[in-house]
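Structure, as structure tokens:
The values are calculated or read from the model by the stated rules, or taken from the named source; none is laboratory data. Predicted model only: the values in this text are computed from it and were never measured. Heads up, the Cβs are rebuilt from the backbone with ideal geometry, glycines too, and the neighbour counts pull from every protein chain shown.
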Amino acid sequence: MTRKVVLTLIIGVLFLPFLPLLIWSFAQGWYFPQLLPEQWTVAHWQAIFTTSTKVGQGFVQSLAIASLATMLALVVGLPAGRALGLMEFPGKGAIKLFLLLPIIVSPLATLMGIQFVLIRLGLSGTLLGVVLVHLLPTIPYMTLVLSSVYANFDLGYEAQARTLGASPMQVLSQVTLPLIAPGVVGGALFAFLISWNEFLLTFFVGSGRVLTLPMVLFTSLQGGNTGLTAAIAITSILPALVFLLFSSRALSDDAAIGGLGDV
Amino acid sequence: MTRKVVLTLIIGVLFLPFLPLLIWSFAQGWYFPQLLPEQWTVAHWQAIFTTSTKVGQGFVQSLAIASLATMLALVVGLPAGRALGLMEFPGKGAIKLFLLLPIIVSPLATLMGIQFVLIRLGLSGTLLGVVLVHLLPTIPYMTLVLSSVYANFDLGYEAQARTLGASPMQVLSQVTLPLIAPGVVGGALFAFLISWNEFLLTFFVGSGRVLTLPMVLFTSLQGGNTGLTAAIAITSILPALVFLLFSSRALSDDAAIGGLGDV
Amino acid sequence: MSELGYLSLQQLTKRFRGIPAVNDVWLEIAAGERLSLLGPSGCGKSTTLQLIAGILRPDQGQITLQGRGLNRVPPERREIALVLQKGLLFPHLSVGENVAFGLKMRGESRAEREARTLALLDQVQLTGFEDRQPAELSGGQAQRVALARSLVICPKVLLLDEPLSALDANLRGDMQTLILRLQEETGVTMVIVTHDQSEAVVMSHRIALMFDGCLRQVETPEGLYQRPSDASVARFFGGVNFFTAAADHHRLTLAGGDVLTTDFPQQGAVQVTIRPECIHLLADQICGTNLLPVTVCQNRFTGTQRHLSLQTPAGLELQAWVPPSQNWAIGQTAFAHLPPDALWSFPTPTVPAPPHSEPKALSP
Amino acid sequence: MSELGYLSLQQLTKRFRGIPAVNDVWLEIAAGERLSLLGPSGCGKSTTLQLIAGILRPDQGQITLQGRGLNRVPPERREIALVLQKGLLFPHLSVGENVAFGLKMRGESRAEREARTLALLDQVQLTGFEDRQPAELSGGQAQRVALARSLVICPKVLLLDEPLSALDANLRGDMQTLILRLQEETGVTMVIVTHDQSEAVVMSHRIALMFDGCLRQVETPEGLYQRPSDASVARFFGGVNFFTAAADHHRLTLAGGDVLTTDFPQQGAVQVTIRPECIHLLADQICGTNLLPVTVCQNRFTGTQRHLSLQTPAGLELQAWVPPSQNWAIGQTAFAHLPPDALWSFPTPTVPAPPHSEPKALSP
């Protein structure tokens, strides 16, 4: 009983910041010291679907960029993660350590160099340029997650499948991929979120011409329309909620959480 | 031999973005298509130490905020991590999952609610306010890292020490803390980095009155002084380098990397 | 060994989520005795040990040492040392610091600590190892350091929780010898938890057999083999021959014929057991009594013995373990001699006797 | 069992970082034979198995099956199935899908797959388990499914890598019986890797003993006990009695007296061994030959035997394992009978005989 209360409390505290957002997004004016707004409205949510707020555009661009960045991170991360997770070679520890660089160094520090290159390549201010810089955090993250997924993968399964008559391609599709799937999906969702939430890289490389949802939200935050801003903020949380839903399903599955629980 | 080349290559690629920074910071004008600047200077590095650039002020404020945020995160994270890592109770998985919220949700989404509260408390634009919002990402992170550190801790050590005559306080200071130290130090360094690199929360909550290094760097990036910006960017990387140095020393120690390698 | 009651468990009960892991255990241990708590995994033997050490608190019952109640004494003041399965040397301390740990906690002087540490390392045959790191030790060496670390504080009772199960089979024998020698040298009272009955047999004066949180029999090793209290105890100790018989004083009527026993069975239907290594197989009918005519059905060489399956004309099946030098052909007829003093009987059980968790069979 | 050479290893060598794990192994295995690769961990036995399965490629040498070279045949086309220690059932497939895996890879029809799967599950006594998930199985059940999964493809050779070492002691006996029965029913040629000589003895027609990557002796189980090729082999099989003697034809002069042997030792100094369970202890000097007067120094009850340490007046030490019914008091004098056919000799070794990695001692 006490535990249930404590549990509800903890989860409540973590959700608390989202409650005023929800109220604001439906409030027509909500001022201190009112406990609740006097009038409710759905106008802010309707506004989101108009082109002038650019929320739709931002949502689509964010979706496209994050999907592409995630897919490319998977393409690089799967073989790299297998090598790091399953093989022993000198310098392996150093590589895993240096893969942390894009995570522990602020994008602000690397932006100048990146911008310099992207401008030369004519990619600054383009969608492709933004996708490329989003690979900077997503590929190392994906590689690290997949290396720990592979580290928990017993190569005996592959040997076993081979001796039962499976060709290398059959082993990959029938054994390896199904077995590492939970970790891969979890890691991909997390990489998607990294890209989806990315602000600084998009802000500078996009140069105002690439409009992801965080850009729209940032602009709205600096403006004064609390209701609309709250509605946009809630929209931007959607993928994180999908992630939580997936993770709570895979909660019993250690492989998926193993790679993520330690983040 | 081939492996050494590959290794050098990978680490080279990861370090590449920092090379132009280094050149810019010592260059007196460096323009495309020059391979290297014609003239070198230490003026940018000297400028950092003048008060007008506010780098010194930013450095000190960043250091103070990150140190405080890390210490407070440790105070909360040590008992919380022990409970999550060592005890079994219903809802434990849910708590660990919801602790991911501040990591997977962009600060942009939660800023409105936070600002609202901080303004009421008169903490918006104050150092204390910034420290408090920096706890939002650091406490959950620290708790998760310490829960995995404690999950790898064998309670048998404590039982063993007790039967050998150690009091509970002696057990804590002579056995438990020394054993979990590598994980704690690694996690604390990482939490420090999270706070050190924090941009959006400081930007809005600090309201321009709290000047951390990322704020100084952001402003400088939007200005045009490439050399000075590069010098500031390099300065802002210093703690990350300290972290790498520590981690590479603890590389052989699984407890430390276990909590961090999967990030 | 002095009189019983040095260490005493009275009505000891410990429940986890309401389910008793240790259930109403009464046990008296003498000073200087080596007693094994033996049973399958999950039988409550480790829990009992942790209750004695003070790491767990009993829900009911009392533990006394030299007549003094321990229930409210914290583990660090019980003078009862514990050695766990994995040794658990403190990895941040050197071997010497590990051994000296208990002395340091007691505030002994550096000189005293050093002298005692070196002496104990000597005793466990690790002279000169004091500056090594635990990670540099083999499993057997680590376990010896753990022993030294526990003995250095001169405990009144030494508890060993499966101390050898993590070691290779070839090391186990050496460690058994070492532990026996240390116990004899120090005279410390010793309680050993193990699931391996051959280990319990070698290591202990008495064995306390536990099934499902309850003590089933407390006996000397030989007594447990020769006079098991019921069929489940006999099975746990590798008993394979069980048959029903009609008892009339010392005479047992089996399916294969009549035999005499030195046991005093109840009259009427009883269950009879005889250990497979006690059955002798003879080619000829030399002596008249306790001989059953049998046919050899199976002959399995196990290295140090031959396991024979025998059958009497009336269908009674017997397992006999004979020396490898005796080779019998399948189908050969012979006479099985069941020595009267090896036949042991219990009343036919009214409830199924085997314990809840499957006991380990004796692996010869 | 047909003639040797069904599966044949010729000059097989595999190096890891230049160090040979398998070194110049020649071995001929007959169709339908059960052969054990026995040795301490790290001796190269598992590597040999993986070379046969095709998971590793040899650096040198040739593997042939029915005369056909396998070196360039990938594992999936060798018709050699492998069962690993942990079973490794595919966790994303049901028990039935696991068993049918090999048939599906071969493109068999669904009807054929289902029929064969049900038949194999029957054979391993898991009828009705086809819809269970691997996580729902006990260790023994999982291992039986792994067996069924390997046998369903009717392999020419079945390789088992420590198939029982992850199981409880009490399950091991049942699994041994099941594997023996399956092998006899299917007639499949079987190679078993194990470090446990009692397992090898029970499971195999012949045992190939490996130390340090090299084959040391390939023999029947009884042959390895009775005619070990050298002292290190004898020690691995629990030999404890080793003494030097002067040999003169069939007469051996020991420190305790003269004995006769049916072995044909080299003349001069030889090393003599006798298994401890072959020594009989007699109270009186019944027969005249091969009797040594001894004193009982130690008597250790092990449950199914008594391990006695004996010493002759001249200082020769003997270990004798006698039935538990024979109880000897410490200090008692007796006569040790060393049967002539149990005395086995080898030339005195010029190099120290024990292998690099400590062999496991026989744990009785």
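Remarks
- Count of segment A:84-94 residues, restricted to those that are within 21 Å of B:Phe190 (Cα to Cα) and part of a loop (DSSP other than H, G, I, E, B), is 0.
Residues checked against (1) aromatic (Phe, Trp, Tyr); (2) modelled with pLDDT of 85 or more:
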{"site": "A:Pro79", "(1), (2)": "no, yes"}
{"site": "A:Lys96", "(1), (2)": "no, no"}
{"site": "A:Phe116", "(1), (2)": "yes, no"}
{"site": "A:Ser124", "(1), (2)": "no, yes"}
{"site": "A:Gly129", "(1), (2)": "no, yes"}
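- Residues that are within 14 Å of another protein chain (Cβ to nearest Cβ) and either of a type in the set (Phe, Trp, Tyr) or at positive phi (or both) within segment D:119-161 comprise just one, D:Cys154.
- Residue that is nearest to the chain's Cα centre (by Cα) [pool: residues in segment D:96-118 that are part of a helix (DSSP H, G or I), within 13 Å of another protein chain (Cβ to nearest Cβ) and among the small types (Gly, Ala, Ser)]: D:Gly102
- Verdict on C:Pro75 being at the interface with another protein chain (Cβ under 9 Å from one of its Cβ atoms), of a type outside the set (S, T, N, Q), within 18 Å of C:Val188 (Cα to Cα) and out of contact with any His (no Cβ under 7 Å at 6 or more places or on another chain): yes
- One residue stands out among those in segment C:310-328 that are assigned to a loop (DSSP other than H, G, I, E, B) and within 14 Å of chain D (Cβ to nearest Cβ): the one that is nearest to the chain's Cα centre (by Cα), which is C:Pro323.
- Meets criteria (within 22 Å of B:Gln115 (Cα to Cα), surrounded by fewer than 24 Cβ atoms within 10 Å (Cβ to Cβ) and more than 14 Å from the chain's Cα centre (by Cα)) for A:Ser173: no
- For B:Gly223, the test of being under 25 Å from B:Ser25 (Cβ atoms) and touching a strand residue (DSSP E or B) at 6+ places or on another chain (Cβ under 9 Å) is failed.
- Taken over segment D:214-232, the residue count meeting the criterion of being in contact (Cβ under 8 Å) with a residue 40 or more places away in the chain and β-branched (Val, Ile, Thr) is 1.
- Within segment A:208-234, the residues that satisfy the criterion of being facing another protein chain (nearest Cβ under 9 Å) and hydroxyl-bearing (Ser, Thr, Tyr) are A:Thr226, A:Thr229.
Yes or no, residue by residue, for (1) farther than 30 Å from C:Pro20 by Cα; (2) surrounded by 20 or more Cβ atoms within 10 Å (Cβ to Cβ); (3) out of contact with any Lys or Arg (no Cβ under 7 Å at 6 or more places or on another chain):
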position: C:Gln85; (1), (2), (3): no, no, yes
position: C:Ala100; (1), (2), (3): yes, yes, no
position: C:Glu108; (1), (2), (3): yes, no, yes
position: C:Gln143; (1), (2), (3): yes, yes, yes
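- Criterion violated by C:Arg68 - all others in (1) of a type in the set (Lys, Arg); (2) within 14 Å of chain B (Cβ to nearest Cβ); (3) under 28 Å from the mean Cα position of the chain (by Cα) satisfied: (2)
- Among the residues of segment D:78-94, those that are over 18 Å from D:Leu9 (Cα atoms) and within 8 Å of chain A (Cβ to nearest Cβ) comprise D:Leu84, D:Lys86, D:Leu88, D:Phe90, D:Pro91, D:His92.
- Residues (more than 7 Å from every other protein chain (Cβ to nearest Cβ) and assigned to a helix (DSSP H, G or I)) located in segment B:95-112: B:Pro102, B:Pro107
- Filtered residues of segment D:222-258 (kept if part of a loop (DSSP other than H, G, I, E, B), of a type outside the set (S, T, N, Q) and away from chain C (no Cβ under 14 Å)): D:Asp230, D:His249, D:His250, D:Ala255, D:Gly256
- Within segment A:18-29, considering residues that are aromatic (Phe, Trp, Tyr) and at the interface with another protein chain (Cβ under 10 Å from one of its Cβ atoms), the one nearest to A:Thr226 (Cα to Cα): A:Trp24
- Only listed residue being more than 15 Å from A:Ser220 (Cα to Cα) and either surrounded by 10 or more Cβ atoms within 10 Å (Cβ to Cβ) or in contact with a His (Cβ under 7 Å, 6 or more places away or on another chain) (or both), chosen from A:Ala47, A:Ala43: A:Ala43
- Reported count of residues in segment D:1-33, each being out of contact with any Leu (no Cβ under 8 Å at 6 or more places or on another chain) and closer than 30 Å to C:Leu171 by Cα, is 7.
- Scan of segment D:209-226 for residues that are of a type in the set (A, V, I, L, M) and surrounded by fewer than 24 Cβ atoms within 10 Å (Cβ to Cβ), ordered by number: D:Leu215, D:Val218
- Residue satisfying condition, being closer than 25 Å to C:Arg235 by Cα and touching a Lys or Arg at 6+ places or on another chain (Cβ under 8 Å), within set C:Leu35, C:Leu65, C:Leu27, C:Leu70: C:Leu35
- Where D:Ile63 falls short, out of the listed (1) touching a Leu at 6+ places or on another chain (Cβ under 8 Å); (2) more than 22 Å from D:Arg181 (Cα to Cα); (3) within 12 Å of chain A (Cβ to nearest Cβ): (3)
- Cross-chain or 6+ apart pairs with Cβ under 8 Å, segment A:102-114 first and surrounded by fewer than 24 Cβ atoms within 10 Å (Cβ to Cβ), then among the aromatic types (Phe, Trp, Tyr) and in a loop (DSSP other than H, G, I, E, B): A:Ser106/B:Phe199
- Every residue from segment A:73-88 that is out of contact with any His (no Cβ under 9 Å at 6 or more places or on another chain) and away from chain B (no Cβ under 14 Å): A:Leu74, A:Val75, A:Leu78, A:Arg82, A:Leu86
- As a summary of the residue check, D:Leu70 satisfies the conditions (1) closer than 23 Å to A:Leu179 by Cβ; (2) among the hydrophobic types (A, V, I, L, M, F, W, C); (3) free of Cβ contacts under 8 Å to residues at least 60 places away in the same chain except for the one numbered (1).
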